[in-house]
1. Below 14 angstrom from the Cβ of ASP60, what's the summed charge of the other residues (Lys, Arg +1; Asp, Glu -1)?
2. Give me the extension gain from ARG26 to ILE91: residue separation times 0.36 nm, minus the current Cα-Cα distance, reported in nm with one decimal.
3. For LYS50, list the lysines whose Cα falls under 29 Å from its own Cα; do not include residues on the same chain fewer than 8 positions away.
4. Shape call for region 25-68 from the C-alpha gyration tensor, a ≥ b ≥ c root eigenvalues: rounded (a/c under 1.5), prolate (a/b greater than b/c) or oblate?
5. Can you tell me the order of 60-69, 16-25 when each peptide is scored by its average per-residue count of other Cβ atoms within 10 angstrom, highest first?
6. Using only alpha-carbon positions, what ratio does the radius of gyration of region 10-93 give when scaled by 2.2 N^0.38 Å?
7. Give the long-range amide H neighbours of PHE84: residues separated by 5 or more places, or on another chain, with amide H under 5 Å away, using H modelled in the peptide plane at 1.01 Å from N.
8. With only alpha-carbon pairs counted, each pair once and no self-pairs, how large is the Kirkwood hydrodynamic radius of region 49-89 in angstroms?
Amino acid sequence: MQWTATNQYQDVSHPPVIKTAQQGNRVTAYAENCITWYFIYPEAGTFSGKCTVDADGNLDFSGGKTGETIHVIAAVTTEQKPSFTRYHRFILQI
């Protein structure tokens with residue numbers, strides 16, 4: 001384990017600290033020096049329509065009924081090696 005070989009906190013990789021926001025049909029997960037991927041988690045939601053999410057966290061959906069939920073997962077991975085990934089779930093209600 002690399003972090004046991006140094007006393008300098010900044011010299012080793014750490015799990016990302018994620019900052020999140022949700023506004024309308026857009027979700028955002030951000031962490032410094034990280035890459036973020038978004039994907040729909042259909043098994044967890046109740047949404048009966050069609051839904052997609054792009055690389056910027058913008059949702060495009062059609063159909064569905066009021067009160068249904070869409071679950072979006074943000075996977076945030078550090079660019080350092082070894083890399084760490086943290087996940088954040090957004091739950092949007094239609």
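1. 0
2. Taking 0.36 nm per residue and subtracting the Cα distance, the gain is 22.2 nm.
3. Straight-line reach from LYS50, under 29 Å: LYS19, LYS65.
4. prolate
5. 16-25, 60-69
6. Relative to the 2.2 N^0.38 Å estimate, region 10-93 comes out at 1.21.
7. Amide H neighbours of PHE84: THR78.
8. 12.3 Å
Laboratory data are not the source of any read-out in this text; all were calculated from the coordinates shown. Here the structure is a predicted model, which is why all the values come from computation and not from measurement. Because the Cβ atoms are built from the backbone with ideal geometry, glycine has one as well, and the counts that use them run over all protein chains shown.
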